[in-house]
1. Which residue fluctuates the most in the chain, going by a Gaussian network model with Cα springs under 10 Å, if the choices are Gly99, Gly69, Gly52?
2. Within the range 1-35, which trypsin sites (Lys or Arg not before Pro) sit in a loop by DSSP and count at most 14 neighbouring Cβ atoms inside 10 Å?
3. Accessible area per residue, 1.4 Å probe, Å², for the chain: what's the number?
4. Taking the Cα centre of the range 82-141 as origin and charging only Cβ (+1 Lys, Arg; -1 Asp, Glu), how large is the dipole, in debye to the nearest 20?
5. With charges set only on the Cβ (+1 for Lys and Arg, -1 for Asp and Glu), what does the dipole of the range 12-59 come to about its Cα centre, in debye to the nearest 20?
6. At Asn96 and Glu110, where each label point lies 7 Å from the Cα along Cα→Cβ, what is the point-to-point distance in nanometres?
7. Roughly how compact is the range 18-59, stated as its Cα Rg over 2.2 N^0.38 Å to two decimals?
8. For the range 33-92, restrict the atom set to alpha-carbon positions and state the Rg and Dmax in Å.
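The values are calculated or read from the model by the stated rules, or taken from the named source; none is laboratory data. The model shown is predicted, which means the values in this text are computed figures rather than measured ones. Ideal geometry is used to build each Cβ from the backbone, glycine not excepted, and the neighbour counts take in all protein chains shown. For the accessible areas, the whole protein counts, side chains as well, though only heavy atoms, and no ligand, DNA or RNA atoms are used. Shrake-Rupley method; radii C 1.70, N 1.55, O 1.52, S 1.80 Å.
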Amino acid sequence: MSYLVEQSIERLKYNHVRITPQRYAILEYLIDQDSHPTANEIYKALENDFPGMSVATIYNNLRLFTKMGLVKEMTFGDHCSRFDFVSNEHYHAICNQCGHVEDIYYPGLEDVEQVASDLTGYAVKSHRLEMFGLCPDCQKK
């Protein structure tokens, strides 16, 4: 079991969330993937291991993980949410053509919420930064 899986499971247990095999598998899949999968992609990846599992099970667990701050739900205007395990703060580059999402780790933006708060007077709770363009594969086409 990876450290992130173990840490996440402990957090769920601490909050009195029962650890089912399906819940464990969904969490582990999200941690292992950097593809920002949709609920349907997660379902397809796990359906052979859990033939009785429904897409609703995936959605219910994703809602739980999002509520607990383990996962971020990302919407990019394509009417299909993608899910990203929250390991550390990062940003995203999204391909306008194929929809591929790439993580961007950029130091120096840690204080952006404080700066925005100072400039606007807002009590900033969160932020996100997304860049849109064509991924290297789509540029070749």
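1. Of Gly99, Gly69, Gly52, the most mobile in the Gaussian network model is Gly52.
2. Details: sites: Arg11, Lys13, Arg18, Arg23; in loops: Arg18.
Taking the range 1-35 and a limit of 14 other Cβ atoms within 10 Å, the loop trypsin sites (Lys or Arg not before Pro) found are Arg18.
3. Per residue, the chain has an accessible area of 66 Å².
4. Using only the charged Cβ atoms, the result is roughly 360 debye.
5. 300 debye
6. A separation of 3.4 nm, rounded to one decimal place.
7. Scaled against compact globular proteins, the figure is 1.04.
8. Every Cα atom of the range 33-92 included, Rg and Dmax give 11.8, 35 Å.
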